[in-house]
Amino acid sequence: MVADVIGGIAVETTPRESVRLLMLGVFDAIQAHPWAGAQLAREPWQTTVLEVFLEIGSRLQPLGVREEELFDAASTLLSYLLGIAGQLAASVHISRGTDRAAFLGAAVENWAARHSSADSPFVRQVTRLANHDDREQFIAGLEIILSGLALHPE
């Protein structure tokens, strides 16, 4: 899985694009095979996870991430990826046999019933959950992390 993703990334990509392509490639592989995401999240010490971690770190170096921040930056990206992998695997298991939008819509209704938008204005944003695209949300989170890394240039 990881070797296929790495092999598919063109050499001439920018360092930031290389990180994005690696993360999206693994995300897409996990989305296609949720059992793999569950396995990776459950056993983060396995060789495949180490390979992903090393690839992330090696792609962050050309971005100018300071050496003392490199381990933490790579760990953050890996943790984000494994967290999403676990969520995708769990959502497939939990919502099996039901309509995804209906399942998520019911969760949103339950949360909204317990929290008024006056007490928790974020509740209004949670309504997006029912119709969100997992890949688009993953990309948005990835961009937030990568933008944070850009705040600390050498």
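The values are calculated or read from the model by the stated rules, or taken from the named source; none is laboratory data. Computed from a predicted model, the values in this text were never measured in an experiment. FYI the Cβ positions are ideal-geometry reconstructions off the backbone, even for glycines, and counts take in every protein chain you see.
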For segment 105-154: of the residues being at pLDDT 80 or above and part of a loop (DSSP other than H, G, I, E, B), which is surrounded by the fewest Cβ atoms within 10 Å (Cβ to Cβ)? ASP133
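Kindly evaluate LEU88 against the criterion of being touching a residue at least 60 places away in the same chain (Cβ under 8 Å) and within 19 Å of the chain's Cα centre (by Cα). Outline the logic, then answer.
Working: touching a residue at least 60 places away in the same chain (Cβ under 8 Å): no; within 19 Å of the chain's Cα centre (by Cα): yes.
No, not satisfied.
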Which residue pairs have Cβ atoms closer than 6 Å, lie 6 or more positions apart in sequence or on different chains, and pair a first residue in segment 107-125 that is over 22 Å from GLN137 (Cα atoms) with a second residue that is surrounded by 14 or more Cβ atoms within 10 Å (Cβ to Cβ)? HIS115/VAL123; SER117/VAL123
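Within segment 40-47, identify whether any single residue is of a type outside the set (Ser, Thr, Tyr) and at pLDDT 90 or above, and answer yes or no.
No: segment 40-47 contains no residue that is of a type outside the set (Ser, Thr, Tyr) and at pLDDT 90 or above.
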Consider segment 37-51. How many of its residues are among the hydrophobic types (A, V, I, L, M, F, W, C) and farther than 18 Å from LEU88 by Cα? 2
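Given the condition at pLDDT below 90, at negative phi and either part of a helix (DSSP H, G or I) or surrounded by fewer than 12 Cβ atoms within 10 Å (Cβ to Cβ) (or both), answer yes or no: does some residue in segment 73-82 qualify? Explain how you work it out, then say what you get.
So in segment 73-82, the residues at pLDDT below 90 come out as 82.
In the following step, the residues that additionally are at negative phi were identified as 82.
Going one step further and asking which of them are either part of a helix (DSSP H, G or I) or surrounded by fewer than 12 Cβ atoms within 10 Å (Cβ to Cβ) (or both), we end up with 82.
Yes: one or more hits.
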